[in-house]
Every structure is written in C-alpha cells, then in structure tokens.
Amino acid sequence: MERTLLIIKPDAVSRNLIGEIIARVEKARFKIKGMKMVRLKPAEARKFYAVHEGKPFLEELVDFMSSGPVVPVWLEKENAVADLRKLIGATDPKKADPGTVRHDLAVDMGKNSVHGSDSPENAKVEIQFFFPNSEGK
Ligand code: DAT
Ligand code: MG
C-alpha cells in the first residue's frame, strides 16, 4: 500500500471546504491514516517547502501557508501518489481538468486549495513532517 500526504490549504479551510474535499478523497477509495488541523509558523512552512528554496514564489507561498489553519491528511491507497495528483489537478486551477479539486474549488495559482505529494519519496518525508512518531501505524 502506498502513502501520500494531502494538505487542505488555508483558502479551502476558510471557505468551509474541508468536508467537500475529504468526501472526494474517501469516494476515491483512499484510506485516511491520520488527520489534524494545525497553524504553521512561517519557519515551519518554509521547512516543509524546502524543495522550493530560491523559487520566486516561495515568500508568497510561505506567507499563504502560514496565514491560517491547514489540515494535513495522511492517506493510503494503491498508487496513492499518482491517484491523488490526478484527483487534485494541475497546479494552476485554470489549467486543471473539470472535476478535479483545483478546477472546481481553487481560487488561483497561489490559493489552490490543496497540496499533494509529488513522489513516494517526498510523501514519506512530508508524512513524517506532520505525523512524527507514527511510523508503522
Ligand atoms: P504543486 O502544489 O502542484 O505540487 P509546486 O510544487 O510546483 O506545485 O508548487 C507548490 C505551490 O507553490 C503550488 O501549489 C502553488 C505555489 N506556486 C507554484 N508555482 C507558482 C507560481 N508560478 N506563482 C505563484 N504560486 C506558485
Ligand atoms: Mg509540489
């Protein structure tokens, strides 16, 4: 069984979309292994997005991700990483396919409602970031 990490971002939490997004994930047969609500400090958001160090949008991303509560969700499913990326759609909601979370719910490229891990390796690191001490659960 493969693992991945979904984060419901501040724009979606503030627009009452937690339930809508979780319903889509459960209908797509992902198993929820862990879930919580947290407010990231800017330094924590920067650490989570360390792969984007040096990118022009990093400051905006860090500000946004620490602007309000987020809901990290640890998911399991066969082919979880690729299947979640399909379910959430392209980074830019204008380019996302109809029926994807970002097409249907996101505001713009920055406020794009959800994060999904981009590889099984990164998923491991990202799950550990939000759910330490849960190895083997
Ligand atoms: P994804 O979240 O689809 O994996 P990413 O890892 O390339 O996309 O970027 C992380 C987040 O940073 C993305 O969800 C939204 C923001 N972002 C990416 N590119 C951006 C850009 N050109 N302008 C503003 N925000 C951007
Ligand atoms: Mg990414």
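Give me the dipole magnitude in Debye, nearest 20, for the chain about the Cα centre, with unit charges on the beta carbon: positive for Lys and Arg, negative for Asp and Glu. Walk me through the numbers before you get to the answer.
Details: 23 positive and 20 negative charges, 67 e Å.
It comes to approximately 320 debye.
What does the net charge come to around Leu17 if you take all other residues with beta carbon closer than 14 Å to its beta carbon, with K and R at +1 and D and E at -1?
+2
Would you kindly compute the Cα radius of gyration of the chain and its largest Cα-Cα separation (Dmax), both in Å?
Considering the chain through its Cα atoms, Rg and Dmax are 13.8, 38 Å.
Roughly how many percent of the accessible protein surface of the chain is carbon and sulfur, given a 1.4 Å probe and a whole-percent answer?
Here carbon and sulfur together make up 53 percent of the probe-accessible area.
Could you size up the charge dipole of the stretch 68-137 around its Cα centre, putting +1 on the beta carbon of Lys and Arg and -1 on that of Asp and Glu, and report it in debye to the nearest 20?
In total the dipole reaches around 160 debye.
Quick check: net charge around Asp83, other residues with Cβ under 9 Å of its Cβ, Lys/Arg +1 and Asp/Glu -1? Could the numbers behind the result be given before it?
Details: positive: Arg29, Lys77, Arg85, Lys86; negative: Glu2, Glu78.
Taking every other residue near Asp83 into account, the sum is +2.
Roll a 1.4 Å probe over the protein chains and send me the accessible area per residue for the chain in Å². List each step's numbers first, then the result.
Numbers: 7470 Å² over 137 residues.
Ligands and nucleic acids excluded, the result is 54 Å² per residue.
Tell me which GluC sites (Glu not before Pro) from the stretch 29-83 have a DSSP coil assignment and no more than 10 other beta carbons within 10 Å of their own.
Glu53, Glu78
What 222 nm value per residue comes from the helices of the chain, counting each DSSP H run with n ≥ 4 as -39,500 (n - 2.57) and dividing by all residues, nearest 500 deg cm²/dmol?
On the way: 7 runs with 55 residues, N = 137.
Taken over the chain, the calculation gives -10500 deg cm²/dmol.
Here are some pairs, Lys31/Lys111; Lys27/Lys47; Lys33/Lys55; which of them have Cα atoms lying more than 30 Å apart in this structure?
Lys27/Lys47; Lys33/Lys55
Mind checking the full-extension length gain between Asn122 and Met1? Use 0.36 nm per residue of separation minus the Cα-Cα distance, one decimal, nm.
Values: separation 121, 0.36 × 121 = 43.56 nm, distance 1.57 nm.
Going from the current span to full extension adds 42.0 nm.
Using Cα centres only, tell me the gap between the stretch 93-117 and the stretch 16-82 in whole Å.
First find each Cα centre; the distance between them is then 13 Å.
The values are calculated or read from the model by the stated rules, or taken from the named source; none is laboratory data. Model, not experiment: these values are computed from the prediction. Don't worry about glycine lacking a Cβ; one is built from the backbone with ideal geometry, like all the others, and counts go over all protein chains shown. Quick note on the areas: whole protein, heavy atoms, side chains included, nothing else; ligands and nucleic acids left out. Shrake-Rupley method; radii C 1.70, N 1.55, O 1.52, S 1.80 Å.
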